There are 2 protein chains.
Amino acid sequence: MDLDLDLDLDGAALTARLVDVPSVSGEEGPLADAIERALQPLAHLSVCRDGDTIVARTELGRPERVILAGHIDTVPVAGNLPSRADGARLYGCGTSDMKSGVAVQLRLAAHLPAPSRDVTYVFYECEEVAAERNGLLRLSRNTPELLAGDFAVLMEPSAGRIEGGCQGTLRAEVTAAGQRAHTARSWMGRNAIHEADGILAVLRAYTPREPEVDGLRYHEGLNAVAIRGGVAGNVVPDECVVTVNYRFAPDLDGQQAADVVRSLFAAWPVTVIDVADGARPGLGHPAAAAFVATVGAGLGPPRAKLGWTDVARFSALGIPAVNYGPGLPELAHTAGEYVETPAIADCEARLRAWLALSRRFSAVPTGPGRRRAGSGPCAGSRWRPDTRPTPRRGGGTGP
Amino acid sequence: MDLDLDLDLDGAALTARLVDVPSVSGEEGPLADAIERALQPLAHLSVCRDGDTIVARTELGRPERVILAGHIDTVPVAGNLPSRADGARLYGCGTSDMKSGVAVQLRLAAHLPAPSRDVTYVFYECEEVAAERNGLLRLSRNTPELLAGDFAVLMEPSAGRIEGGCQGTLRAEVTAAGQRAHTARSWMGRNAIHEADGILAVLRAYTPREPEVDGLRYHEGLNAVAIRGGVAGNVVPDECVVTVNYRFAPDLDGQQAADVVRSLFAAWPVTVIDVADGARPGLGHPAAAAFVATVGAGLGPPRAKLGWTDVARFSALGIPAVNYGPGLPELAHTAGEYVETPAIADCEARLRAWLALSRRFSAVPTGPGRRRAGSGPCAGSRWRPDTRPTPRRGGGTGP
C-alpha cells in the first residue's frame, strides 16, 4: 500500500509520520516514494529522482539559490520504532538524526511557493553507510548542476545551533619497523612494537591547533585510532602499524594536512589511507550572513563544526555551507534517541523567515517556455534541468 | 605397501630413509608403523604404542634408567622432499628437525642390547603443533610410568652441543584503558593507545636477568609479541592490549614468573594467558654428569637452552633433561633444511660410549617371570609395565 505524507501536519506530527516509515540505509525506497508522491503535485517545484534520492527545486529565477539538504536514511532500528510521544519529546529511530530536519524541509517545500531565494530541497539516501553509497556524493559527481547554489544548509542535528563548515579528516598509517627473532633470543632482533613508543610519544606531545577560520574557532585533533603488530606468540615482531586520525581545520586542505602528518612523523614511513577535505563556513557570503542574522537571532553566535559532515560535499562544489537542524547530535545513533518537538517548529519558523526575507530581486522570465519535459532518467517527472551550462552534460539529466 | 626400515644402515642413510617417509604432524602413521615394525622383533626391547607414539624400553634391571626422546613429525613439507645428498650434507624436510636424531635413537635401540643403563626410547607424534596433540604430553599425563627414569636426553637439533634444561615461557596481556569519544572531539575521551606508551616504556627499560642455574648461564627476555587496539576510524579507543612474552630462567617457576610480570606492569591489569615452566638442567645428577663427561668431551661446556622444549615435560615429572642432537637448530622449519651427516655418526658414537659406560650394577632378577603380556592398549605388544608403583594406575597401561 502506498504511504501518503500529509504535509499539512505540523512539524512534530510530520516527523512522527516520517519516523514510522522505517528507512535504514539501503531500504529508503518506500520513504523516497512517499516524499516524491507528496512533492510532485506541487506546481511551484521541479522534482527529480535518482535512485532513492529526491531533488525538488523552485524555479523562480531568483538571483540567489540556496540548498536545504537532509538524508532520509537512519542507522539500524534498535527496538525504538514506532515513534512515541512523551510530553515535548518524540522518541524513535531517526527522530533527531534526522527526520525532524526532513520534516522541516518538507514543510517549507510545500508551504513556501514563492521564497525570496530559489530553494533546492535535497532528500538523499545512504548517509549513514560507506561514502560510495551516499546519494549526495553521487549527485555531486554525476549531476552537480542539481546541487548548484550559493549557500547550503545541511539539516543534520545541531541542537538548533548554527555550526559552520566542518573539519577535514585524514587517516594515515605510521609504521615502526624491526627485525624478527625468536623471543628466546630476542637480542638477535629488534622489536617493532617497542619501537612504536616513539610514535606514541609524538601523539602524546601533540598540541592541537585552534585556528579561527571565517570567524569561527576550530579545534584540531590527532589520535591513534588503531594499532596492530605481532607475528606469533614466540616471535619478536618486525612491524607495528599505528593508524592515526588527524582532524584538521578547514584552513588546510587534504594535501596540507598530509604534510602536517608526514612532518610530525618524519622518522617513520607514513601512508595516507584516506582523506576528506573539510569545509569553510563561508559566513561572509550575503546569503550566509542573512542566514546567521535571521536564523541565528538569539541562538548565540555560530560555532565551528568539528566533525566531518556532508557540508564538505558542497564545499567541494564551491558552495559554502552550514549545519543547522532541530535534532540533538549527542542522541544520534542511540536507542533512546528523541527530539524536542518545540525545536522542530522553531527551526521551521527561523528558516521560513530567512527564505521569505525581502530582497531586491532581478527580473526573471516566467513564460510558458520555462516548463518543458526533461529527458533521461527524469523524463516524465516534473524535473527541468538547470539552464546554466555545466561541464558534465548538455541539456539531459542523470549520470 | 609396508615400509621397512633397515636399522643396519648407517646413521646418514637411515636418516635419508626416515626423511623419505613424510610425517607432517598428524600424518605420522606410516612412519610410526615402520618404527614399530623395526623394533618389535628385537628381543631386548619391550615395545608399546599409543596412537602414533612408540615407546621401546630395555628391561635389564639397571639401577639407572635414561630416556632418549625424539619427535617423529615435521613441519609441512616445503618442496624439499625427497631427501638429497650433497657431499657431507643431507637436504630435506626433517633432516635436522629431527629425523637425524631419530635415526641415532633407532641405531642405538637396535645395536645396544645390553647398555650399562636401562634405556627408554620414545618416538612421539605432534611436537610441531598445538601442545594438546603432543604425544609426549599425552604420555606424561596418562602413563607417566612409561617415562620413568633418572635422566632424559631430548634429541632436538642442538648442533651437537649439549644444551641444558630450558627456559620457561609465559604470555600475558597487559591492558591500557581509556574512554571512548569521537575523534573530532577527542578531548572528551582518553586514548588507550596513547596510554599504552607506558607499557612500551617498561618493555624498553627492561634489563634481562642472566642467572646461573645448575652451572649454566640463562638469559631472560621480555618482549611485546602483539599489540591491538582500535574501535573505528573515527573513535578514540578505550582499550589497547599488549601481549608480552616473558622467557624466564628455570630458577623460577611459572607462578614466580607471573609475579615478576605483574610487578613490572603493576600500573595495568595483567592477565596471564599461558605459562609453561622451564626445566633445570640437573647436571649434578650422576647420570647427567657422566653424560656431560662422556658425550660432551671436546664439545665445549654445556650451554643453557634458552628456548622452551619438551625437556620441560620431563622436568615436570621430576626428571632432569638436556637437549642434544645432531641437527642444526637455525635450519629447522626452513625450506633449505639440511644436516651435516658426519654429525649423525658423531652423535651416535658419543651416546653409545655413554650408554656402554661401565658402572657397578646392582644385581637384577632376569628370570622368565619378567616377561609377561600386558593388558590394556598395549596388550599383545611386547610391552611390559614398569614394576615401580605409580599413582596413576596399577599394573595396566594406557590412558
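No value in this document is a laboratory result; all are computed from the given coordinates. None of the values given here were measured: they were computed from a predicted structure. Cβ sites come from the backbone with ideal geometry, for glycine too, and all protein chains shown count toward neighbours.
List the residues, sorted by chain then number, that are 5 or more residues from A:Val66 or on another chain and whose placed amide H is less than 5 Å from its amide H.
Placed amide hydrogens put A:Asp118, A:Val119, A:Thr120, A:Asp150 under 5 Å from A:Val66.
Rounded to the nearest 20 Debye, what is the dipole magnitude of the range B:113-205 about its Cα centre when Lys and Arg each give +1 and Asp and Glu each give -1 at the C-beta?
Magnitude of the dipole: close to 620 debye.
Mind checking the log10 I(q)/I(0) for the protein assembly as shown at q = 0.05 Å⁻¹? Debye, one equal scatterer per Cα, no solvent, two decimals.
-0.46
On C-alpha positions alone, give me the angle between the axis of helix A:100-111 and the longest principal axis of chain A, in degrees, nearest 10.
20 degrees
Provide the per-residue ³J(HN,Hα) series for the range B:35-42, in order, calculated from phi with Karplus coefficients 6.51, -1.76, 1.60 and θ = phi - 60°, each as a whole number of Hz, with x at glycine and proline positions.
Here the 3J(HN,Hα) series is 5, 4, 5, 6, 8, 4, x, 7 Hz.
Helix A:341-355: angle to the longest alpha-carbon principal axis of chain A, degrees 0 to 90, nearest 10?
So the inclination is approximately 70 degrees.
Taking each residue of B:164-171 in turn, how many C-beta atoms of other protein chains fall within 10 Å of its C-beta, and what is the average?
For this peptide, the per-residue mean of nearby foreign Cβ atoms is 1.
Please give, to one decimal in nm, the separation of the simple spin-label points placed at B:Ala205 and A:Asp346, each 7 Å out from Cα toward the Cβ.
Taking the two extended label points, one gets 5.2 nm.
Averaged over peptide A:230-238, how many Cβ atoms belonging to another chain are found within 10 Å of each residue's Cβ?
Partner Cβ neighbours, averaged per residue: 5.
On a C-alpha basis, how far is the centre of the range B:75-123 from the centre of the range A:72-86 in Å? Whole number, if you could?
First find each Cα centre; the distance between them is then 70 Å.
Of the DSSP beta bridges with both residues in chain A, give the percent that are antiparallel, rounding to the nearest 5.
Given both bridge residues lie in chain A, the antiparallel proportion sits at roughly 75 percent.
Restricting the count to DSSP beta bridges whose residues both fall in the protein assembly as shown, what percent are antiparallel, rounded to a multiple of 5?
Counting only bridges with both partners in the protein assembly as shown, antiparallel ones make up about 75 percent.
Just tell me how shielded B:146-158 is by partners: mean number of partner chain Cβ atoms within 10 Å of each residue's Cβ, no decimals.
Taking the mean over all residues of the peptide, I get 0.
Once the label point is placed 7 Å from Cα along Cβ, list for B:Leu3 the distances to the corresponding points in the other copies, in nm, shortest first.
6.9
Could you check the simple spin-label distance between A:Val260 and A:Met188, using points 7 Å along Cα→Cβ, in nm with one decimal?
Taking the two extended label points, one gets 4.5 nm.
Would you grab the residues whose amide H sits under 5 Å from the one on B:Phe248? Only those 5+ places off in sequence or on another chain, please, with H modelled 1.01 Å from N.
B:Gly168, B:Thr169, B:Leu170
In degrees, nearest 10, range 0 to 90: what is the angle between the Cα axis of helix B:254-264 and the longest Cα principal axis of chain B?
20 degrees
Give, in whole angstrom and from largest to smallest, the semi-axes √(5λ) of the equivalent ellipsoid of chain A, with λ running over the eigenvalues of the Cα gyration tensor.
Rounded to whole Å, the semi-axes are 43, 23, 21.
Enumerate the calculated ³J(HN,Hα) couplings along the range B:212-219 in order (Karplus 6.51 cos²θ - 1.76 cosθ + 1.60, θ = phi - 60°), each rounded to whole Hz, writing x wherever the residue is Gly or Pro.
Couplings: 9, 10, 6, x, 10, 8, 9, 8 Hz.
Which whole-number percent gives the relative contact order of chain B, counting Cα pairs below 8 Å spaced six or more residues apart?
Normalised by residue count, the contact order of chain B is 23 percent.
For the range B:184-288, treating each Cα as an identical point scatterer without solvent, what Debye log10 I(q)/I(0) comes out at q = 0.12, 0.13, 0.15, 0.20 1/Å?
-0.53, -0.59, -0.72, -1.04
Sequence-distant or interchain residues sharing an amide H contact under 5 Å with B:Ala85, placed H: which?
Result for B:Ala85 returns B:Tyr91.
Apply the Karplus curve 6.51 cos²θ - 1.76 cosθ + 1.60, θ = phi - 60°, to the phi angles in the range B:170-186 and return the couplings in whole Hz, x for Gly and Pro.
Each residue's phi maps through the Karplus curve to give 9, 10, 9, 9, 10, 10, 9, 10, x, 9, 5, 7, 6, 5, 6, 9, 5 Hz.
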